[in-house]
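Taking it in order: structure first as structure tokens, then the write-up.
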Amino acid sequence: MTQAPRRGRPPAATREDVLAAALRAYLHGERLDVQAIALDLGLGRTTVYRWFGSREGLIGEVVVRAAEPLFEEARARARGRGAAALLDTFDRINHALASAPALRRFLELERDALRILTSSGGSVHPRMVEKVRGYIEEETATGYEAPAEPATLAYAIVRLAEAFLYNDAIATVRGDVDRLREIEAALLGVSV
């Protein structure tokens, strides 16, 4: 059975082009303007929304895309095995996120930044939990006995990091990666 041809002209740019343009804006500390990105790429704003669901969906994809290299580098450089490797991985991630200028600027510019970053129904938080769960499962496969089921432990680690890295309600906690490390070590069962 043949499909009916799509109506209208094909898009001038791809979903990846939109992500690349949005990522450039994010990394330069600019507020993401869907209309401007669409116009620059010769697309309609509705096409961008069809691909990402909403402006927040696009922002979530951009934040995840920007964080992925930080996570990968942290994991690749982590030392030790088991809980020690996990703690080193998470500590490296936390330091990278705490010092990421684009993320700091995003938190300053975007009124809904905390919700975008921490919503269980969004795209950032669930993917960060999944990434951390994968790291925990890698270590359990080599003999680490996690103190809780990997998905639950990953959720706790990510929620804890969100509180310490993004929370602006408690000025003495925000960005305190050393205290965050101590609490993560306790959760993982590592003495520091």
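Derivation of every value follows stated rules applied to the coordinates shown; laboratory data play no part. Note that the coordinates shown come from a computational prediction; the quantities given were computed from them, not determined experimentally. When we count neighbours, we look across all protein chains shown, and the Cβ atoms used for this are built from the backbone with ideal geometry, even at glycine.
Data overview
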read-out	value
Principal-axis tilt of helix 177-188 within the chain, Cα atoms, nearest 10 degrees	70 degrees
Calculated [θ] (222 nm, deg cm²/dmol) that DSSP helices of n ≥ 4 give over the chain, each run adding -39,500 (n - 2.57)	-21500 deg cm²/dmol
Length-normalised contact order for the range 11-53 - Cα pairs under 8 Å, 6+ apart - percent	45 percent
Local net charge near residue 133, Cβ-Cβ under 12 Å (Lys/Arg +1, Asp/Glu -1)	-3
The range 52-59 - phi-based ³J(HN,Hα) in whole Hz, Karplus 6.51/-1.76/1.60, Gly and Pro as x	10, x, 6, 4, 5, x, 5, 4
Loop trypsin sites (Lys or Arg not before Pro), the range 113-192 (other Cβ atoms within 10 Å of the site Cβ: 16 or fewer; DSSP)	174
The range 56-188, relative contact order [Cα under 8 Å, separation at least 6], %	27 percent
Computed Kirkwood radius, in angstrom, where 1/r is averaged over Cα pairs of the chain	18.1 Å
Residue 31-residue 191 FRET efficiency (beta carbon distance; Förster radius 45 Å; 0.05 resolution)	0.55
